Structure formats: structure tokens, C-alpha cells
Amino acid sequence: MSNLPKCFKPYDIRGRVPEELDNNLAQKVGHATAIFTGGKKFVVGHDCRTSSRELADAVITGLCDAGADVLDIGLCGTEEIYHATFARKMDGGIMVTASHNPIGWNGMKLVREDSKPISSDTGLNEIGEMAVAGNFPEVATRGTAEKGSVQDEYIEFLMSFVDPDVIKPMKVVVNAGNGCAGPTLDLLEPLLPFDMIKVNHEPDGTFPNGVPNPLLQENREMTASIVREHGADVGIAWDGDFDRCFFFDETGEFIEGYYLVGLLAETMLHRSPGAAIVHDPRMIWNTIKLVEAAGGKPLVHKTGHAFIKERMRNEDAVYGGEMSAHHYFRDFAYCDSGMLPWILVLQEICKTGKPLSELVGQMQKEFPASGEINRRIEDPAAAIAKVEAHFGSDAIDVNYVDGLSIEYPQWRFSLRMSNTEPVVRLNVESRGDVELMQEKTAMLVEMLES
């Protein structure tokens with residue numbers, strides 16, 4: 001696999017433009033994708049980065065060169081490609097996006113029929129090798145490309161989750177981060193009884209207010225302060241291609257994605273009693289308790305969208321959640337959406353009459369969590385081995401589902417290595433003891449850094 005371009009990652013394509021990804025490579029990726037999948041109908045879209053339109057045009061050229069026909073839906077979110085692929089019965093879709101990566105980067109997310117992900121395990125490496133070789137067969141008839149919109153049917157799909165008897169007026173801060181969420185919010189706004197206070201709303205690939213990545217603490221204060229200033233009921237912020245959304249309660253407090261997994265699992269089990277719920281192994285106790293209490297079947301599975309989606313398909317799970325704010329829905333072809341979660345959460349607020357702080361408050365109290373802590377370490381494998389040697393011997397459970405997870409009766413933690421950089425990711429939770437969680441978190445961080 002050494003001849004793969006550097007921008008080919010485990011789940012998608014991502015790299016600096018033009019050093020690692022240029023129009024020539026994009027065209028070849030399009031061509032190779034059509035050949036690899038055998039597909040004849042594709043949908044292509046792009047985010048608002050300054051290089052995205054040109055890269056999308058190159059991808060479209062490559063697909064057409066391979067004899068495939070293309071529906072070009074232009075500026076959109078990643079989930080609009082997912083939706084168009086399964087709703088229009090396309091053979092595949094390509095989204096040009098670098099999501100929350102720095103300015104100067106771009107990339108692609110690829111799916112085949114039914115919006116099944118194409119990752120390094122399911123063909124992405126082969127597409128990369130084919131693109132590098134460039135020995136493409138001649139086709140009898142070149143494909144055609146047409147511009148079109150699928151927004152009406154996508155919005156109709158989102159609105160199918162709304163119960164008009166439940167939904168009520170609310171004041172909501174929406175921070176699109178100058179990514180792609182703004183136009184979709186504009187289409188939803190007249191259909192929902194929400195007073196939307198719009199922040200960084202217009203798509204702008206120069207990201208004048210910083211790259212949209214609300215996971216970074218320094219990117220949260222703007223949303224939080226506007227929630228407090230306007231006395232809003234809730235705040236929501238999105239990443240660049242809006243396949244992830246992040247929540248702030250009525251006090252402006254950022255809500256860890258872990259607790260949203262539990263809340264959405266409960267919500268989806270109300271709709272599909274007894275169903276399976278797939279969740280990642282970083283923090284688990286709250287999710288397992290809530291799913292079991294609601295009569296569902298909790299299934300811990302390896303982090304990563306390709307893995308979660310595959311397990312969901314195998315188990316016919318109604319919902320899948322990762323604490324990193326990826327939320328997957330069976331009714332959305334098992335894909336992740338950054339629009340469905342906030343619609344469902346706000347509907348739950350309306351239905352229960354409880355503010356968001358109260359909906360997650362009991363969870364936070366019962367299972368206090370550190371949030372993900374990232375540390376750059378020279379030798380991550382050695383650091384994790386040292387932690388395991390120290391904590392593993394008297395633990396009640398040690399497992400390696402995704403990195404290292406060690407469990408004691410009153411607390412547990414997980415440690416994972418990054419796929420792409422010398423970074424370890426630590427998550428710690430306890431059973432109702434904030435001080436214990438904080439003490440063990442500090443101990444683990446010190447051990448990793450020493």
C-alpha cells in the first residue's frame with residue numbers, strides 16, 4: 001500500500017491542497033471510483049472551502065470519463081450526499097469536504113449504493129492504487145453531468161421526524177461556523193416554530209471566525225455567550241460539512257457528546273421499543289444503563305463510522321452514537337446526520353417540558369466524565385503499555401475492543417491511539433463520584449506525560 005497517495009486515510013481522503021490533493025488526483029479518484037464500484041449513476045456535492053468547487057468539477061469529469069452519469073448538487077452537507085444516494089437509488093456518491101480540518105486542506109467522502117461507506121477496508125485503498133496507476137480502459141460512451149437539487153426531498157425527510165402536536169416555540173442559537181449548515185437551516189426555519197438566532201451563518205470557505213470545529217474548547221465560547229445574552233433555550237453548533245452537531249444548554253453550558261448518545265438512544269427506543277443501540281467504547285456506563293432501562297439492547301462497538309454503520313446493519317440497530325458527536329439512524333440508511341439529532345432533542349425538550357440541563361443533569365450526576373483529553377506523546381504504544389501494567393492487574397475488566405479499556409467497580413477509563421498522529425485520547429468516568437473521576441484523570445494524564 002506504500003504507493004497510496006498520502007491523503008488516503010482509513011475512512012476518507014484528506015490532505016493539503018494542492019500538495020497532497022489536486023484536481024488531477026481528484027479526477028482520477030472519480031474515474032477509479034466508477035470503475036471499482038461498477039456504478040453508472042453518481043451524485044456529487046461539495047462544501048464551501050475555496051478549493052471545493054474545482055475539486056468537485058474534477059471528480060465529475062473523472063466519473064463521466066468512466067462512462068458514469070452524474071447529478072451535481074453543488075454546495076451541500078455530507079448527509080445530503082448520503083440522502084441523495086439512497087433516496088434517488090444512485091450507485092454511489094462523492095462529497096468533496098475536509099470537514100473541520102485547517103484552512104488549506106480538502107478531501108472526499110465516498111459511498112456506494114445505499115450510502116454504504118467506502119473505507120480502507122472496503123475499497124478506498126484499491127481506488128487510490130487505481131488512481132495512481134491511471135491505466136483506465138476506454139469507454140464506448142462518455143457519461144453526462146447535470147446540475148440539480150435534492151433539497152426539497154431532503155427537507156421533507158427531516159420533517160418526517162417532527163411531531164406537529166409536540167413541537168413548540170423555542171429560542172435557539174444556531175452557529176453554522178460559516179460552514180454549510182446555514183442554507184439548510186434557512187429551509188427548515190419556516191417549517192419549525194423556532195426563533196433562530198443565527199451566528200456565523202453564511203458559508204464562507206475562508207472561515208473568518210475560525211475553522212468550524214466545536215469540539216475545540218476555544219471554539220465554544222461564542223455560542224455559549226450568545227445563548228446567555230439572548231436567554232435562549234438551547235444553542236447548537238455544527239462542523240463544516242454539518243454531519244456533527246454540538247449542544248449548549250440554556251445556561252450556555254457545553255454538553256458532552258456522551259450524554260447526547262444516551263438521550264438520543266432513549267428517544268429512538270420510544271419510537272422502536274426493544275431495538276438494538278450501537279455505541280462506541282470510550283464511555284459506556286450511562287448509555288448501557290439508559291438503553292437497558294428503556295428495554296433496548298446496548299451493543300459496544302469499535303469507534304469509527306464504517307465500523308458503527310456495519311454493526312448497525314448487521315443488528316438492524318435503530319440508532320448508533322459516538323461521543324464525538326456522530327449520530328447514526330437506521331431510517332437514514334444507517335448514516336450519520338447533524339440535522340436529525342438537534343430536531344429530535346428539541347422535540348424531546350418540548351415533549352417533556354424540561355430544559356436540556358435537566359434532561360442530561362441526572363446522567364451527568366450519576367456518571368461524571370472527563371470528556372476526551374488528547375495528549376501528544378512521542379511513543380503512544382509504550383505509554384499505553386505502561387498504563388496497562390500499572391492499572392491492569394487488579395481491574396475487574398480489561399479489554400481491547402478499541403484501544404485499551406480498564407474497569408474498576410467505581411470508575412473506568414479508555415485509552416486510544418490516533419490513526420493519523422502521535423496522540424493518545426483518554427476518557428475517564430465514574431459512578432457518581434466527581435472527585436474520584438478527577439483524581440484518576442489527573443493521575444492518568446501525569447502517567448502519560450512522564
When you check residue 80 against the structure, is it charged (D, E, K, R) and buried (at least 24 other Cβ atoms within 10 Å of the Cβ), yes or no?
yes
Please name all residue pairs, on different chains or six or more residues apart, with Cβ atoms under 8 Å, provided the first residue is in the range 16-38 and is over 21 Å from residue 139 (Cα atoms) and assigned to a loop (DSSP other than H, G, I, E, B) and the second residue is at pLDDT 95 or above and among the aliphatic types (A, V, I, L, M).
17/55; 21/13; 21/55
Going through 237, 232 one at a time, which residue ends up being assigned by TED's automatic domain parsing to the domain that holds residue 197, in a loop (DSSP other than H, G, I, E, B) and modelled with pLDDT of 95 or more?
232
From the option list 439, 421, single residue qualifying as in a loop (DSSP other than H, G, I, E, B), outside the structural domain of residue 307 (by TED's automatic domain parsing), among the acidic types (Asp, Glu) and surrounded by fewer than 18 Cβ atoms within 10 Å (Cβ to Cβ) is 421
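Conditions (1) charged (D, E, K, R); (2) surrounded by fewer than 24 Cβ atoms within 10 Å (Cβ to Cβ); (3) assigned by TED's automatic domain parsing to the domain that holds residue 140, marked per residue:
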{"position": "42", "(1), (2), (3)": "no, no, yes"}
{"position": "47", "(1), (2), (3)": "yes, no, yes"}
{"position": "55", "(1), (2), (3)": "no, no, yes"}
{"position": "58", "(1), (2), (3)": "no, yes, yes"}
{"position": "67", "(1), (2), (3)": "no, yes, yes"}
{"position": "70", "(1), (2), (3)": "no, no, yes"}
{"position": "96", "(1), (2), (3)": "no, no, yes"}
{"position": "100", "(1), (2), (3)": "no, yes, yes"}
Any residue in the range 356-375 that is modelled with pLDDT of 95 or more, buried (at least 21 other Cβ atoms within 10 Å of the Cβ) and in contact with a Cys (Cβ under 7 Å, 6 or more places away or on another chain)?
no
Among the residues in the range 296-313, are any modelled with pLDDT of 95 or more, outside the structural domain of residue 237 (by TED's automatic domain parsing), among the basic types (Lys, Arg) and touching a Phe, Trp or Tyr at 6+ places or on another chain (Cβ under 8 Å)?
yes
Please determine whether any residue of the range 92-101 is in contact with a Cys (Cβ under 6 Å, 6 or more places away or on another chain), of a type in the set (Gly, Ala, Ser) and under 19 Å from residue 14 (Cα atoms).
no
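Please note which strands (runs of 3 or more DSSP E) are completely contained in the range 283-402 and include at least 2 residues that are under 25 Å from residue 184 (Cβ atoms) and out of contact with any Pro (no Cβ under 9 Å at 6 or more places or on another chain).
319-322, 326-329
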Single residue of the range 281-297 satisfying the filter (out of contact with any helix residue (DSSP H, G or I) (no Cβ under 7 Å at 6 or more places or on another chain) and under 19 Å from residue 413 (Cα atoms)) that is surrounded by the most Cβ atoms within 10 Å (Cβ to Cβ)
282
Return the residues of the range 169-196 that are part of a helix (DSSP H, G or I) and either outside the structural domain of residue 251 (by TED's automatic domain parsing) or of a type in the set (S, T, N, Q) (or both); say none if nothing qualifies.
184
Might you let me know whether the range 343-356 holds any residue that is of a type outside the set (S, T, N, Q), touching a residue at least 24 places away in the same chain (Cβ under 8 Å), under 20 Å from residue 80 (Cα atoms) and not assigned by TED's automatic domain parsing to the domain that holds residue 238?
yes
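The values are calculated or read from the model by the stated rules, or taken from the named source; none is laboratory data. If you're wondering where the values come from, they're calculated on a predicted model, not measured in any experiment. All Cβ positions, glycine included, derive from the backbone under ideal geometry; neighbour counts span all protein chains shown.
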